[in-house]
Amino acid sequence: MPRVQRGPVTGPIAQFVVLAGLDATVGLGPAGWCAGLAYGMVVCALLARGLRRAGAAGLGPADVVTLGRALLVGGVTALVVDGFDRPAPVPPLVALTVMALLLDAVDGQVARRTGTASALGARFDMEVDAYLILLLGAHLAPTVGGWVLAMGAMRYAFVAAGWALPWLRGTLPPRPWRKVVAATQGVALAVAAAGVLPPVAATALLAGALALLVESFGRDVGWLWRRRARRRPGAEPARLPGGVSA
């Protein structure tokens with residue numbers, strides 16, 4: 001299966017196109033432009049580094065889909081950062097989020113059907129998911145409350161804790177429920193951002209999604225704790241709740 005060589009190089013250009021489209025339709029301030037471009041450059045730089053470390057010749061078909069998702073999230077980044085100074089335009093923010101969430105169901109199918117699934121591709125996909133959840137939480141925090149940031153911050157707190165507690169980096173068994181929980185976070189945040197529910201209902205939806213996330217983290221932490229004595233040096237990083245690898 002042919003692999004795309006220039007994804008990390010052309011990515012910043014594609015990110016600029018996404019931002020230019022937003023600027024032409026709803027307008028972007030300097031902060032939004034800077035945040036969106038910086039995000040796109042960092043993502044592509046990290047992706048290029050990951051390809052070199054994995055010894056990969058280039059992006060596979062599924063990786064291209066995931067890169068497209070990541071660039072849509074770059075547009076969300078620009079709108080959220082712009083929203084710190086003025087109300088963020090809800091329709092384009094929600095539209096970009098929904099497209100990114102829908103493509104999340106596509107890249108995995110493409111990887112399986114083309115036989116190009118890889119650890120790098122899975123990690124890339126998971127990191128985009130985690131960042132989008134944190135980003136939407138930052139967008140909603142001023143109106144819903146700071147507690148909503150826990151939906152995105154919990155994954156990064158888990159990773160940080162793994163540096164201090166090596167047993168948290170143990171290898172977890174596959175559990176489809178993690179992906180269900182991760183998808184639930186994104187959907188709940190998108191619905192809340194769209195403003196289609198009364199505030200009380202939106203808060204209840206987000207609280208329910210957070211409760212599912214806490215349950216998923218708690219179950220995996222408990223599993224790792226019970227098996228901490230079996231931890232082998234050099235074991236692979238843990239696959240985190242929500243389908244994210246440490």
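A few remarks follow.
This table checks each residue for (1) in contact with a Lys or Arg (Cβ under 8 Å, 6 or more places away or on another chain); (2) crowded, with 17+ Cβ neighbours inside 10 Å.
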| position | (1), (2) |
| --- | --- |
| GLY29 | yes, no |
| ALA70 | no, yes |
| VAL90 | no, no |
| GLY108 | no, yes |
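- VAL43 at pLDDT 90 or above, part of a helix (DSSP H, G or I), more than 16 Å from VAL17 (Cβ to Cβ) and within 20 Å of the chain's Cα centre (by Cα): no
- Filtering ALA100, ALA157, ALA141, ALA153 for residues that are buried (at least 21 other Cβ atoms within 10 Å of the Cβ) and part of a helix (DSSP H, G or I) leaves a single hit, ALA100.
- Residue in the stretch 116-124 that is free of Cβ contacts under 8 Å to residues at least 24 places away in the same chain and either of a type in the set (Gly, Ala, Ser) or touching a helix residue (DSSP H, G or I) at 6+ places or on another chain (Cβ under 9 Å) (or both) present: no
- Residue pairs meeting the criteria (Cβ under 7 Å; at least 6 apart or on separate chains; first within 21 Å of ALA105 (Cα to Cα) and part of a helix (DSSP H, G or I), in the stretch 181-201; second polar (S, T, N, Q) and modelled with pLDDT under 95): VAL181/SER216
- Taking every residue in the stretch 13-31 that is in the same structural domain as PRO92 (by TED's automatic domain parsing) and outside any helix (DSSP H, G or I) and pairing it with any residue that is acidic (Asp, Glu) and buried (at least 17 other Cβ atoms within 10 Å of the Cβ), at least 6 positions away or on another chain, the pairs with Cβ-Cβ distances below 8 Å are LEU28/ASP82; GLY29/ASP82.
- Checked against the criterion of being more than 30 Å from PRO92 (Cα to Cα), over 16 Å from the mean Cα position of the chain (by Cα) and surrounded by 12 or more Cβ atoms within 10 Å (Cβ to Cβ), the candidates LEU212, LEU206, LEU224, LEU197 yield just one match: LEU224.
- Total residues in the stretch 41-66, condition among the charged types (D, E, K, R) and either surrounded by 14 or more Cβ atoms within 10 Å (Cβ to Cβ) or touching a His at 6+ places or on another chain (Cβ under 9 Å) (or both): 1
The values are calculated or read from the model by the stated rules, or taken from the named source; none is laboratory data. What you are looking at is a predicted structure, and each value in this text was computed from that prediction instead of being measured. As a convention, Cβ positions derive from the backbone with ideal geometry for all residues, glycine included, and neighbour counts pool all protein chains shown.
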